[in-house]
1. Does region 12-38 hold any residues that are open to solvent by 20 Å² or more (accessible area, probe 1.4 Å), more than 21 Å from T90 (Cβ to Cβ) and either part of a strand (DSSP E or B) or near the ligand (Cβ under 8 Å from one of its atoms) (or both), and which are they?
2. Across region 1-11, what is the number of residues that are assigned to a loop (DSSP other than H, G, I, E, B) and out of contact with any Pro (no Cβ under 7 Å at 6 or more places or on another chain)?
3. Which condition from (1) away from the ligand (no atom under 14 Å from the Cβ); (2) under 14 Å from G37 (Cβ atoms) is the one that A64 breaks?
4. Regarding region 62-74, can at least one residue be identified that is open to solvent by 70 Å² or more (accessible area, probe 1.4 Å) and basic (K, R)?
5. On the given criteria, is A234 assigned to a helix (DSSP H, G or I) and surrounded by fewer than 17 Cβ atoms within 10 Å (Cβ to Cβ)?
6. What strands (runs of 3 or more DSSP E), lying completely within region 119-206, carry at least 2 residues that are of a type outside the set (A, V, I, L, M, F, W, C) and closer than 25 Å to K86 by Cβ?
7. Mind telling me which of the residues L196, L166 ends up being within 24 Å of V33 (Cβ to Cβ) and at pLDDT 95 or above?
8. Which members of region 75-90 meet the condition of being open to solvent by 60 Å² or more (accessible area, probe 1.4 Å), away from the ligand (no atom under 11 Å from the Cβ) and assigned to a loop (DSSP other than H, G, I, E, B)?
Amino acid sequence: MKHKPKLGQNFLVDDAARHAIVDALGDVRQRTVIEIGPGHGAITEILARRCQRLIALELDRALAAELTFRFRDQPQVQIVEVDVLKADLTSLVPGGETVDVIGNLPYYITSDILLKLFAAGSADIVARAVLMMQREVADRVSAAPGVRDYGLLSATAQMNAQVSHLFTLPPEAFSPPPEVYSTVLRLEFAPRFAELGVDAASFDTFLHQCFAQKRKTLMNNLRSAGYAAETLAAAWPSEIPAQARAESLPLEAMASLYRTLGAVEILGKS
Ligand code: SAM
């Protein structure tokens, strides 16, 4: 198989794995599914028989043409030649329907795809996703607070979705084999902003400030972000040690700190 390394083209050739990925999406008989990067159709082929409607987004013109020809007699399958990061998901799926997403992702844009899906999850466009990505990235997305891999990506992901770690594949499952192992995650989009009493956009900014420098304590990161020492002292909850790092805090504690800081700042200004 010819491939373009720049487009992250490592094609899945392990038959059990491609079935397991589609199985992980559950019962899709009544669902519209968007596939990111169908390539030569390893996943597309199985999914086309199972879901009500399949929209596959492929950037590579030759691959999009190959798949358009291959699925020409299956009207439930629509191949769209587009950059997934530029695709307008709402216009692809008219009628306010929520869709599911699947993809053996092009690894070079994994984080950007995740951010796009979190926004789509918040807008009720996407309900769940089964995604294969580089193992190290999957470990960060799914890490719990306090473990080595936990950081900004974990916190952002877990504010937006319930993440399940499904299985890991060796390089030999692909042609050509990538240099890394690959992990499949399932994300059930369920944004927690309202439940935790935070505004989505400003809490996202707050998380960036909290995790700005890994070697700094949470308090020092917030000092660098412009919070006054007195504000931090007045708002700091007794259960959070002064030397705590953002990486050690569960999202509930992070949200509680954000709310208290907001309240103290408002009081200071009044
Ligand atoms: N799904 C196939 C499989 O499992 O064998 C191919 C997976 S391959 C890892 C990633 C695919 O994403 C390639 O087909 C590549 O051309 C496509 N791709 C790369 N960048 C893309 C982008 N920005 N938008 C849409 N597809 C992209």
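1. In the first step, residues of region 12-38 are kept if they are open to solvent by 20 Å² or more (accessible area, probe 1.4 Å); the result is 13-16, 18-20, 23, 26-27, 29-31, 37.
Imposing the further condition that a residue be more than 21 Å from T90 (Cβ to Cβ) reduces the set to 13-16, 18-20, 23, 26-27, 29.
Result: V13, R18.
2. Count: 4.
3. (1)
4. Yes - at least one qualifying residue is present in region 62-74.
5. yes
6. Here the list reads 126-134.
7. Only one candidate qualifies: L166.
8. If the condition is that a residue be open to solvent by 60 Å² or more (accessible area, probe 1.4 Å), away from the ligand (no atom under 11 Å from the Cβ) and assigned to a loop (DSSP other than H, G, I, E, B), then P75, D88 are the ones that fit.
The values are calculated or read from the model by the stated rules, or taken from the named source; none is laboratory data. None of the values given here were measured: they were computed from a predicted structure. Every residue, glycine as well, gets a Cβ built from its backbone with ideal geometry; the counts of neighbours run over all protein chains shown. With ligands, DNA and RNA removed, areas are computed over all heavy atoms of the protein, side chains included. Shrake-Rupley method; radii C 1.70, N 1.55, O 1.52, S 1.80 Å.
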